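Worksheet for the structure shown next.
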Amino acid sequence: MRVLLIGYGMVGSRFADDLVARRPDARVTVLGKEDAAPYNRVLLSSVVAGKSDASMLTLPTEAHPRIDVRQGVRALSVNRGERTVTDSTGEVHLYDRLVFATGSAARIPNIHGIATDLGLVPGVSVLKDLADAEQIVAQIPRARRAIVLGAGVLGLEVATGLAGRGLSVTLVHHHGRLMERQLGDAASNVAEGSLGRLGVSVITDASVTRITERRGVLTAVELSNGTEILADMLIMCAGTITESALARNAGLPCDRGILVGDDLASPVDPKVFAIGDCAQPPAGGTGLVAQGWDQAARLVNAWSVNADSQPVVAPQRRGSKGADEMDTDLTNVVRVKAPGLDVVTMGLSGKFDHGARELRAVRMSDPSIGRFVEVVVSHGLLVGATVVGDKVAAAELSAMYTRMIPVPSDPAHLIIRPLAGAVTTAATSVEDMGDDHPVCQCNSVSKGAIVAAVHDGCTTTDDIARATRASTGCGDCRSLVGDIIRTCAVADLAEVSTESRPADQFAATKVPALAGRTKG
């Protein structure tokens, strides 16, 4: 089975690896426009913040004889009648099945003066790939004032990262509240207060309309409310647009993305598929890598189960049915990875009617310390939550949401933990965790899976990442994975030490009450 994969990012690389592992007859040719190995785009903002080196973002992939990767090679055209793709070198590739994993590109707003024939004016940037991140980092030593346009997840991460590097940062957002898709007014106000304490000024209900440059370099921006702000850097985090032009030119139906069915196939060509940011399934796209990974897994599973026939519809991972037959999609947990600002949302958050009969919502807000917690319960399960400034609550609620653990009869117990221990608190140490305790939420990896990998010979977090994929998503669990590795090493040493003791010494030290007893 000849598979041609266009796109070699986080979703495409995982699809290729999983497919050859499951289908021994599959041969995959990959066209990747970036001249780089797959890397974790989720952590690009941590490179800007100085928390990660670019080399740390490389994803654990291994060469495979049935995967032919062409790095730095673009797909130029698709001939669906002949089932061929022509690349930027002029080579023509035959395929039995074609998979688009082309992702998305940064949306560049209509701002007067931001670009010339040579590209964006120096000082103006987007953040979508590793080259963008490296360009921003190179500008930081010469900059004092930065404007970040867009207060979505990426905008918040970039703004706090630059503030942490000593820049004066102004965050400009077109909407009246931050992260308006995930946060309600109260949660947004708490987050805005936390940003202020981190040194980030916030301007809402405004956008950048014009830039001023001197000698070809950015010097100031003008906002839609008439305000002018001096600036050495303007970083646009204003959303994305799907990379679907190639598919559109091939005659495939496209809307916001490449239209596909539940089976991820194009409705006009059963040999063409799309996964990740570029795909638009019936339920819509979230823009989160978890959805792309889920789609890749479903497609591989469908092809593997029906190796000699057309792929069948692979059901999406779903949670529970709640009020009004709501589906809880387990891939829609949103995390802000910002130094000093912890925001996690899941399910119904910031965009639902508290008065709906089947929903029970409880909220706790403490703006003075930057904490906000809201939970939404339906039919005995957690169907949504918003957490700002409380890592413990975020960890507990994320585990409860993704694992569909029944909630207490009184939802207030989910956020007021001192009340009679109504909900089991998060494990405080590796030793307290059970084998089924989720360590990597992004990839659904438990402590037991990591321990098993350690016993199989893994000794570093990179080894664990290659074996289990833990820490290859948002990266928040990397330190915890390291703790588990160290705990296993200590336990193994203790076991070796115990086994090497004389039997009478073991009895005396382990069971003092039995030492010296005689038989009978």
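Within the stretch 14-37, being touching a Pro at 6+ places or on another chain (Cβ under 9 Å) and farther than 18 Å from residue 95 by Cβ holds for one residue alone: 14. The one condition from (1) at pLDDT 75 or above; (2) surrounded by 15 or more Cβ atoms within 10 Å (Cβ to Cβ); (3) within 23 Å of residue 334 (Cα to Cα); (4) of a type in the set (S, T, N, Q) that residue 441 does not meet is (1).
Restricting attention to the stretch 87-104, the residues that are under 33 Å from the mean Cα position of the chain (by Cα) and either surrounded by 16 or more Cβ atoms within 10 Å (Cβ to Cβ) or on the phi > 0 side of the Ramachandran plot (or both) total 11.
Look at the stretch 279-305 and say how many of its residues are β-branched (Val, Ile, Thr) and free of Cβ contacts under 8 Å to residues at least 24 places away in the same chain. Write out each step before concluding.
Initial filter on the stretch 279-305 (β-branched (Val, Ile, Thr)): 286, 289, 300, 305.
Those left that are additionally free of Cβ contacts under 8 Å to residues at least 24 places away in the same chain: 305.
Total meeting the criteria: 1.
Here residue 166 clears all of (1) over 21 Å from residue 133 (Cβ atoms); (2) surrounded by fewer than 16 Cβ atoms within 10 Å (Cβ to Cβ) except the condition numbered (1). Residues in the stretch 183-210 that are crowded, with 22+ Cβ neighbours inside 10 Å and in contact with a Gly (Cβ under 7 Å, 6 or more places away or on another chain): 183, 187, 190, 194.
Among the residues of the stretch 10-33, is any within 29 Å of residue 251 (Cβ to Cβ), in the same structural domain as residue 274 (by TED's automatic domain parsing), in a loop (DSSP other than H, G, I, E, B) and not basic (Lys, Arg)? So far as the stretch 10-33 goes, yes, one or more of its residues are within 29 Å of residue 251 (Cβ to Cβ), in the same structural domain as residue 274 (by TED's automatic domain parsing), in a loop (DSSP other than H, G, I, E, B) and not basic (Lys, Arg). Here residue 130 clears all of (1) within 27 Å of residue 386 (Cβ to Cβ); (2) touching a Phe, Trp or Tyr at 6+ places or on another chain (Cβ under 7 Å) except the condition numbered (1). For the stretch 376-419, a residue qualifies if it is part of a strand (DSSP E or B) and over 22 Å from the mean Cα position of the chain (by Cα), and the qualifying residues are 376, 377, 378, 381.
Before we move on, is residue 498 at pLDDT 75 or above and polar (S, T, N, Q)? Before the answer, list the steps.
Numbers: at pLDDT 75 or above: no; polar (S, T, N, Q): yes.
Against the criterion (at pLDDT 75 or above and polar (S, T, N, Q)), residue 498 does not qualify.
Which members of the stretch 133-174 meet the condition of being under 19 Å from residue 337 (Cβ atoms) and of a type in the set (S, T, N, Q)?
Step one: list which residues in the stretch 133-174 are under 19 Å from residue 337 (Cβ atoms), which gives 133-134, 136-137, 140, 146, 148, 150-165, 167, 169, 171, 173.
Of everything in the stretch 133-174, just one residue is under 19 Å from residue 337 (Cβ atoms) and of a type in the set (S, T, N, Q), namely 160.
If you go through the stretch 233-280 and keep only what is under 28 Å from residue 160 (Cβ atoms) and either in contact with a Pro (Cβ under 7 Å, 6 or more places away or on another chain) or surrounded by fewer than 20 Cβ atoms within 10 Å (Cβ to Cβ) (or both), you end up with 236, 238, 239, 240, 241.
Taking the criterion of being among the hydrophobic types (A, V, I, L, M, F, W, C) and within 15 Å of residue 206 (Cβ to Cβ), the residues of the stretch 145-158 that qualify are 147, 148, 149, 151. Regarding the stretch 46-63, can at least one residue be identified that is among the β-branched types (Val, Ile, Thr) and touching a Lys or Arg at 6+ places or on another chain (Cβ under 8 Å)? No: the stretch 46-63 contains no residue that is among the β-branched types (Val, Ile, Thr) and touching a Lys or Arg at 6+ places or on another chain (Cβ under 8 Å).
Go through the stretch 60-178 and tell me which strands (runs of 3 or more DSSP E), entirely inside it, have 1 or more residues that are within 25 Å of residue 191 (Cα to Cα) and not charged (D, E, K, R).
Values: elements: 67-71, 75-79, 84-87, 92-94, 97-100, 104-106, 124-126, 145-149, 168-172.
The qualifying strands (runs of 3 or more DSSP E) are 104-106, 124-126, 145-149, 168-172.
Out of everything in the stretch 119-169 that is basic (Lys, Arg) and within 25 Å of the chain's Cα centre (by Cα), what residue ends up being farthest from residue 345 (Cα to Cα)? By that ranking, first place goes to 165.
Matching residues to (1) out of contact with any Phe, Trp or Tyr (no Cβ under 7 Å at 6 or more places or on another chain); (2) touching a residue at least 60 places away in the same chain (Cβ under 8 Å):
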position: 24; (1), (2): yes, no
position: 41; (1), (2): yes, yes
position: 44; (1), (2): yes, yes
position: 50; (1), (2): yes, yes
position: 60; (1), (2): yes, yes
position: 63; (1), (2): yes, no
position: 69; (1), (2): no, yes
position: 82; (1), (2): yes, no
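Being out of contact with any strand residue (DSSP E or B) (no Cβ under 7 Å at 6 or more places or on another chain) and at positive phi is the filter here, so list the residues in the stretch 148-166 that pass it. Matches in the stretch 148-166: 166 only.
Determine if the stretch 263-275 includes at least one residue that is within 18 Å of residue 107 (Cβ to Cβ) and either in contact (Cβ under 8 Å) with a residue 40 or more places away in the chain or out of contact with any helix residue (DSSP H, G or I) (no Cβ under 8 Å at 6 or more places or on another chain) (or both). Within the stretch 263-275, none of the residues are within 18 Å of residue 107 (Cβ to Cβ) and either in contact (Cβ under 8 Å) with a residue 40 or more places away in the chain or out of contact with any helix residue (DSSP H, G or I) (no Cβ under 8 Å at 6 or more places or on another chain) (or both). Each residue in the stretch 139-193 was checked for being among the β-branched types (Val, Ile, Thr), within 20 Å of residue 122 (Cα to Cα) and either out of contact with any Cys (no Cβ under 9 Å at 6 or more places or on another chain) or not assigned by TED's automatic domain parsing to the domain that holds residue 233 (or both), and 5 pass.
If we scan the stretch 356-368, do we find a residue that is in contact with a Pro (Cβ under 7 Å, 6 or more places away or on another chain), modelled with pLDDT of 90 or more and not in a loop (DSSP other than H, G, I, E, B)? Within the stretch 356-368, one or more residues are in contact with a Pro (Cβ under 7 Å, 6 or more places away or on another chain), modelled with pLDDT of 90 or more and not in a loop (DSSP other than H, G, I, E, B).
The values are calculated or read from the model by the stated rules, or taken from the named source; none is laboratory data. The model shown is predicted, which means the values in this text are computed figures rather than measured ones. For neighbour counting, all protein chains shown are included, and Cβ atoms are generated from backbone atoms with ideal geometry for every residue, glycine included.
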